[in-house]
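Before any comments, here is the structure.
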Amino acid sequence: MAFSLFGKRETPTPDPEPPEPSAPRGLFDRMKQAVTRTRESLSNSISSVVALTREVDEASLDDLELALLACDIGSTTTNEIITRLRDRALRHGISDGTQLKLQLKSEILRILNSVDAPIAHPATPPEVIMMVGVNGTGKTTTSGKLAALYRREGKTVLLCAADTFRAAAIEQLEVWAQRSNVDLIKTRQGGDPSAALFDALTAAKARSTGILLVDTAGRLHTKTDLMKELDKMRRTAERLLPGAPHQTLLVIDATTGQNGLQQARLFTEAAHVTGIVLTKLDGTAKGGIVVAIAHELGLPVRYAGVGEKLEDIIPFDPTVFVDSLLD
């Protein structure tokens, strides 16, 4: 039976609301467009909760819980959000659905901000960024898009084609290098990925290149082989440049939902992942996986893929994401 969590009491002091987004309007618009399908799915459910809720009770919280699960926030993260909303209702009172929605935004933003640590860039170049992830997530494409993004920011970039096992991976990255107007270091298909990385890092140091982007293999004969190869590459980078790789970005296809979360767990354990690039965010109604990744893995989403074009990758901003998702 539903029971009211809101009763007569002294007017509570409301919790501070999240600050207004400081990001440029262009970023907000692009993110809002990217999360359209997730927002529509979530908003339709939440709108029903808001419209029917005159006081926050267990029935409204149950409805909200189903809405969060439907957009792939996941059971663990959803349980924490609902528990905190229930506690807040008991302590301060949440008088209606509109306040419930505002508090939901605050909770999601709290989770995302808790892992949004600044990136520790090296004092001297190059900054080595390893791109990891299973085949099919858009890892090579994302490497090319990031190269173009960094170029637009005025940085010098070198690409390393270290995915030597997937057929046509090197040729694919060559196309992206040309489109991004950056140089590419490669070896033959089937060659040693660590040797390609060695050559690329040597070249980046000699040229004082700002960023070295390394596209790695997504699948070898077994998971063990893959993780051993990634570890070998890490040791190669560290030997040539202490502290490298400075970032290891795991590319996840947003449309895979909870399967993407399982991939993240595997790579986080073996590859020392520091952040996530979420591709195809514009193609799914389950963009809540962003929140699950932050809460369950303690990893920030650094970039989001929002389309097929060269420029369709944007830095991920938690406030912009939450405001776009729950406008």
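Here, each number is a calculation from the coordinates, and none is a lab measurement. Computed from a prediction, not measured in an experiment: that's the story for all the values here. Glycine gets a Cβ as well: all are built from the backbone with ideal geometry, and neighbour counts include every protein chain shown.
DSSP finds beta bridges in the chain, and of those with both partners inside it, around 15 percent are antiparallel. Taking each of Lys145/Lys309; Lys105/Lys139; Lys145/Lys232; Lys286/Lys309; Lys105/Lys309; Lys139/Lys186 in turn, the alpha-carbon distance tops 20 angstrom for Lys105/Lys139; Lys145/Lys232; Lys286/Lys309; Lys105/Lys309. Comparing Pro193, Val157, Val132 along the charge dipole axis of segment 131-280, the residue lying farthest to the positive side is Val157, per the Cβ-charge model.
As a proxy for reagent exposure, ranking His92, His272, His121 by other Cβ atoms within 10 Å from fewest up yields His121, His272, His92.
In plain terms, the residue of Thr124, Thr137, Thr209, Thr156 with the fewest other Cβ atoms within 10 Å comes first and the most crowded comes last, giving Thr124, Thr156, Thr209, Thr137. Placing R0 at 25 angstrom, the Cβ-Cβ distance between Arg91 and Asn259 gives a FRET efficiency of 0.10 after rounding to 0.05. Contact order, relative form, for the chain: 25 percent (alpha carbon pairs under 8 Å, 6 or more residues apart, mean separation divided by residue count).
Pick from Asp183, Asp215, Asp282: which residue has the top mean-square fluctuation in a GNM of the chain where Cα pairs under 10 Å get a spring? So, out of Asp183, Asp215, Asp282, the one fluctuating most is Asp183. Spacing of the modelled spin labels on Leu69 and Asn113, each 7 Å from Cα toward Cβ, amounts to 2.9 nm. Summarising the label geometry, the points placed 7 Å from Cα in the beta-carbon direction at Glu269 and Gln33 lie 4.0 nm from one another.
Listed by chain and number, the aspartates and glutamates whose C-alpha is less than 15 Å from the C-alpha of Lys32, apart from same-chain residues fewer than 8 away, are Glu40, Asp282, Asp312, Asp317, Asp323, Asp327.
Only the Cβ atoms of Lys and Arg (+1) and of Asp and Glu (-1) were treated as charged; on that basis the dipole of the chain about its Cα centre amounts to roughly 840 debye.
Listed peptides 70-81, 170-181 appear in the order 70-81, 170-181 once ranked by packing, highest mean of other Cβ atoms within 10 Å at the front.
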